[in-house]
Structure formats: structure tokens, C-alpha cells
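Have a look at the structure below before the remarks.
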Amino acid sequence: MADLTPLDILGVGFPHRMRGYDTVAVRAFLQQLAGAMEELFRERGELRQTIHRLEQELGTFRERESALQDALVAAQKTAENTMETARIDGQHVVDEGHRLAERLVDDAYQRAQNIEGVIGDLRSRRREVRADLMRLTELLQGMIQDDQQLEKEDRATPQVALLHRREDQRQA
């Protein structure tokens, strides 16, 4: 029945019998049937065109989907590579920070030791200066005592008599 066309339906003839079908009614029905089939064929042609167009669109969408999947895979790989690179770079920064911190702590420790050495030297020097000052003080006290002793002795010797003797020596 798929090979049957609307013209085939219109061209069909039926044998006449007595008390057979009303030929006008049969003809009218066959015309209706032919029109319906013609409409179905037209719709089928439109549907085939629509199917063809949709298949082409589907092919385009599949190509786009494939391209999008490829792009997504590439973007994911790029993101993973970027994250790995960032992780490695971050680890390098952290490691460098640790090395710098250790170097700074070592430098600070070395400076603290140097300062402790300087403070020790200054304490030692202070003790030496204090000892020198004490010796100087003792020396000055000794000189003061000697001077006081000389002053006492000088008081016992008349100063004027010395002048008289000099005058006597000049006259002689």
C-alpha cells in the first residue's frame, strides 16, 4: 500500500453489481481518501525535509559538542598544569622564605654573639679602667700624702732664713 498514490486511488474502478455501492458516494470517499493521502505525502515530504535539516543541525551540534569537549579537556589540562605550576612555584616561595628566615635567624644569632663578645670586652675594659683609676687614685693619694709630708717638713724649715743666707752669701 506504500506504492499507492492519490491518483491511483482516484483511478480505481469497481465492478458494478446489483445493489452495489453508491458510485457517487464511493467516488466522493475515494476523492477524500486521495486528498488525505496527498496531504499525508506533502506532510511526509515536509517531515523528511525537517528530518534532513534536523540531522544536519544535529551533526553541527555534535561537532560543536566534540569541539567543546576537546576545549573543556584542554582547559582542564591547562588548569591542572597551571595549578601544578602554581603549587610548585608556591613551594619554591615557601622554601625560599624558610631559607631566608633561617639565614636571618643565623645572622641575628651571630650578631647577638658579637654583641655579647663586645659587652664582655667592655666589661673587661671597665674592670681594667677601674683598676687603673684605683692605682691612679692610690698614686695620687700617695702624692698628696708626700706633699702633705713635705709641707710639714717645709713648715719646720724657716723660709726667711734661707733668704737671709742668700743675702749673706751675696755680701760676702
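Since every read-out is calculated from the coordinates, none of them should be taken as a lab result. Remember, predicted model here, so these are calculated numbers, not experimental data. Glycine also receives a Cβ, built like all others from the backbone with ideal geometry; neighbour counts cover every protein chain displayed.
Full extension of the chain between PHE29 and ILE115 yields a length gain of 18.8 nm, computed as 0.36 nm times the residue separation minus the alpha carbon distance.
For the options PHE41, PHE14, PHE61, a Gaussian network treatment of the chain with springs between C-alpha atoms closer than 10 Å singles out PHE14 as fluctuating the most. A full extension of the chain between ARG42 and LEU140 corresponds to an added length of 21.4 nm, given 0.36 nm per residue minus the alpha carbon distance.
Estimated from the Cβ-Cβ distance and a Förster radius of 25 angstrom, the FRET efficiency linking VAL93 and VAL73 is about 0.25. Note on the chain: GNM, Cα springs under 10 Å; of LEU54, LEU100, LEU136, the largest mean-square fluctuation is that of LEU136. Over all directions, what mean area does the Cα convex hull of the chain project, stated in square nanometres? For the chain, averaging the hull's shadow over all directions gives 32.1 nm². For region 59-106, the Cβ-based charge dipole about the Cα centre amounts to some 180 debye (Lys, Arg positive; Asp, Glu negative; other atoms uncharged).
Between the Cα long axis of helix 23-156 and the first principal axis of the chain there is an angle of about 0°, rounded to the nearest 10. Here is how the number arises for the chain: DSSP H runs of 4 or more residues each give -39500 (n - 2.57), the sum is divided by the residue count, and the result at 222 nm is -33500 deg cm²/dmol.
Global dimensions of region 61-103 from alpha-carbon coordinates: Rg and Dmax equal 18.2, 61 Å.
Could you give the angle, 0 to 90 degrees to the nearest 10, between helix 159-171's Cα long axis and the longest principal axis of the Cα atoms of the chain? It is inclined by approximately 60 degrees. Kindly list the residues of region 101-119 that lie in the label zone of VAL129, defined by a backbone N under 14 Å from the point 7 Å along the Cα-to-C-beta vector. Counting backbone N atoms under 14 Å from the label point, the list is 119. Name the residue from LEU133, ALA79, GLY20 whose Cα lies farthest towards the positive end of the charge dipole of the chain, charges +1 on Cβ of Lys and Arg and -1 on Cβ of Asp and Glu. It is GLY20, whose Cα lies furthest towards the positive end. Using a Gaussian network model of the chain with C-alpha springs under 10 Å, which one of THR78, THR23, THR50 is most mobile by mean-square fluctuation? Checking each option, the largest mean-square fluctuation is seen for THR23.
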